[in-house]
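Undergrad: Mind having a look at this structure? Questions to follow.
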Amino acid sequence: MKSVKNSVRVLSGFVLGGFMLAAAGCQSSDSVLNVGADAPPPPNEKVLESELRAYCPPIVLREGTAHFRTYAKGGQDDPAKLIYQASISDVTRSCTRSADTMTINAAAAGRVIIGPAGSPGTITMPIRVAVVKGDSVLYSQLHKYQIQVGSEGGATQFVFNDPNVVIPMPEPGSTQVFIGYDEGPPKKN
């Protein structure tokens, strides 16, 4: 995620720098840089250093939960019967605090590829978000996340998030957030 942020900063710098050069060459009084009386004042809210340094539980992608495959009936592990394959490549979170609770926005980014037995359309992926403190589960939600995959081939990228993870205010280092695919218990034959 760090490389994406750095790329965005570099790209923003190029775009902003190019805009500044273009605006500097413009002598018109109707320049977009002239701020009229109708413009809203800049926000007064400052982010406090304590808010930036505040504890936000780490998010973890457990081994075995980063990939999900769906096969046509009777085709388990047969590559020719693969309907689609999905993977999570990155996870992140943000936290907000109230008097005695913390709200976590847990997010995952990934991609889906249609297999030989698949076709374009809507697919549903089982993505679970869970928060644990030791052996106690503070939050667990299984989402049936749907995305549309196209016929143009290649991968369809997605970003999933659960902004409603509310837990009691945790002590630093005591809590972990997990996110990943959850197919449930194995089916009995």
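The values are calculated or read from the model by the stated rules, or taken from the named source; none is laboratory data. Bear in mind that the values here come from a model prediction, so they are computed numbers and not experimental data. When we count neighbours, we look across all protein chains shown, and the Cβ atoms used for this are built from the backbone with ideal geometry, even at glycine. For accessibility, only protein heavy atoms count, side chains too; no ligands or nucleic acids. Shrake-Rupley method; radii C 1.70, N 1.55, O 1.52, S 1.80 Å.
Undergrad: With respect to residue 98, is the statement that it is more than 23 Å from residue 184 (Cβ to Cβ), at pLDDT below 90 and not basic (Lys, Arg) true? It would help to see each step written out before you state the result.
TA: Values: more than 23 Å from residue 184 (Cβ to Cβ): yes; at pLDDT below 90: yes; not basic (Lys, Arg): yes.
The answer is yes for residue 98.
Undergrad: Looking at the stretch 72-85 only, could you name the residues that are modelled with pLDDT under 90 and among the small types (Gly, Ala, Ser)?
TA: The answer is 74, 75.
Undergrad: Another question, then. Within the stretch 162-175, can one find any residue that is within 23 Å of residue 63 (Cβ to Cβ), touching a His at 6+ places or on another chain (Cβ under 7 Å) and surrounded by 11 or more Cβ atoms within 10 Å (Cβ to Cβ)?
TA: Filtering the stretch 162-175 for residues within 23 Å of residue 63 (Cβ to Cβ) gives 162, 165, 173-175.
Narrowing further to those that are touching a His at 6+ places or on another chain (Cβ under 7 Å): 162.
With surrounded by 11 or more Cβ atoms within 10 Å (Cβ to Cβ) added as a condition, the list becomes 162.
Looking through the stretch 162-175, at least one residue is within 23 Å of residue 63 (Cβ to Cβ), touching a His at 6+ places or on another chain (Cβ under 7 Å) and surrounded by 11 or more Cβ atoms within 10 Å (Cβ to Cβ).
Undergrad: Hey, among 156, 96, 124, which residue is exposed (fewer than 12 other Cβ atoms within 10 Å of the Cβ) and part of a strand (DSSP E or B)? Talk me through it step by step, then tell me what you get.
TA: Working: 156 fails: exposed (fewer than 12 other Cβ atoms within 10 Å of the Cβ); 96 fails: exposed (fewer than 12 other Cβ atoms within 10 Å of the Cβ).
Step by step, each of 156, 96, 124 is checked, and only 124 is exposed (fewer than 12 other Cβ atoms within 10 Å of the Cβ) and part of a strand (DSSP E or B).
Residue by residue, here is whether (1) open to solvent by 90 Å² or more (accessible area, probe 1.4 Å); (2) assigned to a strand (DSSP E or B); (3) at pLDDT 90 or above holds:
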position	(1), (2), (3)
38	yes, no, no
46	yes, no, no
56	no, no, yes
65	no, no, yes
70	no, yes, yes
87	no, yes, yes
91	no, yes, yes
